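Each value in this text was obtained by applying a stated rule to the coordinates, not by laboratory testing. All of these numbers come straight from a predicted model, not from anything done at the bench. Every residue, glycine as well, gets a Cβ built from its backbone with ideal geometry; the counts of neighbours run over all protein chains shown.
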Amino acid sequence: MKVAKDLVAASATPMVLGILAEADSYGYAILRRINELSGGELDWTEGLLYPLLHRLERLGYTESSWQSVAGERRRKYYRITRSGLAELAEQRRQWDTVVDALKEIWRGPGDSTPLITIPLGGHA
Amino acid sequence: MTNGQDELEAQFAQWRQYVQRRRELRKSDAEELEDHLRSSVDELVAVGLRADEAFLVAVKRMGSLDDLSREFAREHSERLWKQLVLTGETDSPVADTRSRRDLLAIVICAIGAAASIKVPELFGMSFDNDPAFYGPNAGLLVLPWLAAFLAWRRHATKALIGVLLALFALGAVAANAYSLTGDSQSVVLSSIHLPIALWFVVGLAYVADDVRSPRRRMDFIRFTGEWFVYYVLIALGGGVLTAFTVGTFGAIGISPEGFVTQWLVPCGAAAAVVVAGWLVEAKQSVVENIAPVLTRLFTPLFTAVLLAFLIAFGLTGDGIDVEREALILFDLLLVVVLGLLLYTISARDPLAPPGLFDKLQLALVVSALAIDVLVLLEITGRITEYGTSPNKAAALGENVILLANLAWSAWLALGLVRRRTPFAALERWQTAYLPVYAAWAWIVVLIFPPLFNYL
C-alpha cells in the first residue's frame, strides 16, 4: 500500500515542521526520517521535499544556513522559527480534528465494529 | 579505490553540469541536491555497492531532472522570467566586477551627457532663444558620451579613437561654421541629418572591435532597434515623472515649470540616450529582442495597408495630390518598410529555408516600391516645374537612396523565395549599404548649406 499523492502533499508541511521541531536537520536526513516513521509507505521525492523546504523558508516558518558539523560535509541545515512552531501547532489542531472525526465515523456510535465494511485491496 | 573515487567525482561533475543548465535551479539548489546525492551514494556504498553502481542508483532514485525542475519551477516561478541583473548577484565574481565597472562607466557617461547639454548655457545660450544652436548641436553634445562608453567597452584602438574624435570635430564644424539663420531650411536639415550622421559615428564605436565584419554591422542594426525601443520606454517613464513633478508641486503652490523645461527634460533626455545604449549592451543575452517581434506583428499589417492603397489608387484613377509634406511622408514610409525588412533580417535564422513570411516580406517591399515610384514621378514633375530647394533636394536624395536599396532587396528577396540566392546575400547587401546612409547624411550637413547659398 502506498499513500495517495494528494494525502502525501497535504500532510507534507506538518510532517516537515514536526521533524524540524525535534531538531535542526537537512534535506537528506529529513527524507530518511520520514521514510523511517512511515515504514517506507510515504512516497516522498526530492521534487516534493526541496521546493517545500524553500517554500517554508519563504513563508518564514524555517531558516536555513550552510553549516559543517565536525567530520561531515558542508550542508544546508534548516531550523524551525517561532512562527513555524505556531504554524505547526495550528496544523496539528486541524489534523487532530480530522483524525478524530474519521475515527469517530469508522468506529460507529458506541460500537467498536465498523458499520460499513471497508473493502481492503481488490478482494474482500 | 582512488581510481573509483576519481571516477565518481567525474560523474558528479558531469551531473552538476546538467543541473546548472536548468534555469529553475540556482547554484545553491544544485549544491543542496548534490549533497543529497552524495548522502545517498554514501549510504549505498555502506551497504556494499560499488561507487559507480551507487551513483547510478542514487541518480535514478532522485528521478528525472525534468520532473525535479518542474517542481522547483512551481515554487520559484519567478526564475522563469529572465531578470536583467544590473548589479551583482551573478554567480561568478569576474562578471560581477565587470558589471560594476560598467555601471560606474555608464554613470559617468550619463552625467557627462546631462551636463554637456547645459554647458552652452554658460556661454549665454538658452533652449528657448537659440533653437538654431541647439537643433544641430544637441546630438553633438550627447552622442560622443555614448560613443565613448562603447569605445571603452570594446577596447577601441588609438587609431579608431582618433577617427571618432575627428568625425565629431567635423560634426561640430558642420553645425557651427556656416552662419545660418534660425528660420532657414538648412538649419532644420542639419538638425535632422547631423544626429543621423553622428549615430553612424556611434556605430563605428560600436563595431570598434571588428570594423569590417558584416556580422558586427548587423549587430549594430540590432543595437539601433533595441536602443530605440528602450529610449521610448524610458521616455514614457520620464513623462510620468514629469507629470507627477508638475502636479504635486503645483498642488502646494510651487510652479516647477522652469525646473522641468530647463533641467529635468533636457538633462533626462540626454542621459537617457546613454542609459538606453547601456541597457541594450547589458541585456543583450538576457531578454528577447523586441524589435524583431514588433516587425513580425506589423509586416503583415503594413503589407495589407499598402496593397489596399494601391488598389484604391488604381480604382479611383486620380493622380496623387502631392502636398508639400507628401515627399517626406513617403520617405518615412520607405524608412518604416526598410526598418521592417532590416529587423526581420536581423532576427532570421540564416540557414532557414524560405517560408511564407519571406513571401509576405517580398509583397511588402514590392508594394512600397510601386507606391514610391508613383510618388517620385509626380515629384520630379513638380521640381522641374517650380525649381528646387534644400528640403526638396534632401528628400529626393533620400528617396532615391531608399528606393535603390529596396529595389535590390526586392530582387534578392525574390531570389530567396525562388531558392536562387542564399539569405546571406540579402543580409550582406543591407550591411554593405549602411555607409551610404552615413555618407548621404554627411553630404546634407556639409555640402548642402553652401550649395544652396545658406538658404
Using Cα atoms only, what is the angle between the long axis of helix B:158-176 and the major principal axis of chain B, expressed in degrees (0 to 90) to the nearest 10? 30 degrees
Note: A:23-30 gets an average of partner chain Cβ contacts (10 Å, Cβ to Cβ) equal to 3
Calculated on alpha-carbon atoms, Rg and Dmax of region B:93-283 in Å: 17.9, 58
By count of other Cβ within 10 Å, fewest leading, how are B:Leu301, B:Leu342, B:Leu369 ordered? B:Leu301, B:Leu369, B:Leu342
Please order B:Tyr386, A:Tyr26, B:Tyr437 by the number of other Cβ within 10 Å, starting at the fewest. B:Tyr386, B:Tyr437, A:Tyr26
Debye intensity ratio I(q)/I(0), log10, the protein assembly as shown, q values 0.12 Å⁻¹ (C-alpha model): -1.22
Provide a whole-number value for the mean count of partner chain Cβ atoms within 10 Å of the Cβ atoms in peptide B:30-40. 5
Kindly give Rg over Rh for region A:5-107, based on alpha-carbon atoms, with the Kirkwood expression for the hydrodynamic radius. 1.01
How would B:Leu334, B:Leu143 line up from fewest to most surrounding beta-carbon atoms within 10 angstrom? B:Leu334, B:Leu143
Student exercise: in the protein assembly as shown, how many lysine pairs 8 or more apart or on different chains have Cα atoms under 27 Å apart? 12
Calculated from DSSP H runs of 4 or more alone, at -39500 (n - 2.57) each and per residue, what is the 222 nm mean residue ellipticity of the protein assembly as shown, nearest 500? -25000 deg cm²/dmol
Report the longest stretch of chain B that contains none of the trypsin sites (Lys or Arg not before Pro) sitting in a DSSP loop with at most 15 other Cβ atoms within 10 Å. B:83-211
Averaged over residues of B:67-78, the number of beta carbons from other chains lying within 10 Å of each residue's Cβ is 3
Taking Cα atoms only, helix B:356-386 is inclined relative to the longest principal axis of chain B by an angle, in degrees rounded to 10, of 20 degrees
Sparsely packed trypsin sites (Lys or Arg not before Pro) within region A:1-62, loop by DSSP, other Cβ within 10 Å at most 16: A:Lys2
Helix axis angle, B:131-154 relative to chain B longest principal axis, alpha carbon, degrees: 30 degrees
Could you list the square roots of 5 times each eigenvalue of the Cα gyration tensor of region B:291-451, that is, the equivalent ellipsoid semi-axes, sorted largest first and rounded to whole Å? 29, 21, 12
Starting from the Cα of B:Val57, step 7 Å along the direction of its Cβ; do the same at B:Phe309; then give the gap between the two resulting points in nm. 7.4 nm
Only Cα pairs under 8 Å and at least 6 apart count here; give the relative contact order of chain B as a rounded whole percent. 17 percent
Please give the FRET efficiency for B:Leu356 paired with B:Leu332, using the beta carbon to beta carbon distance and R0 = 25 Å, rounded to the nearest 0.05. 0.35
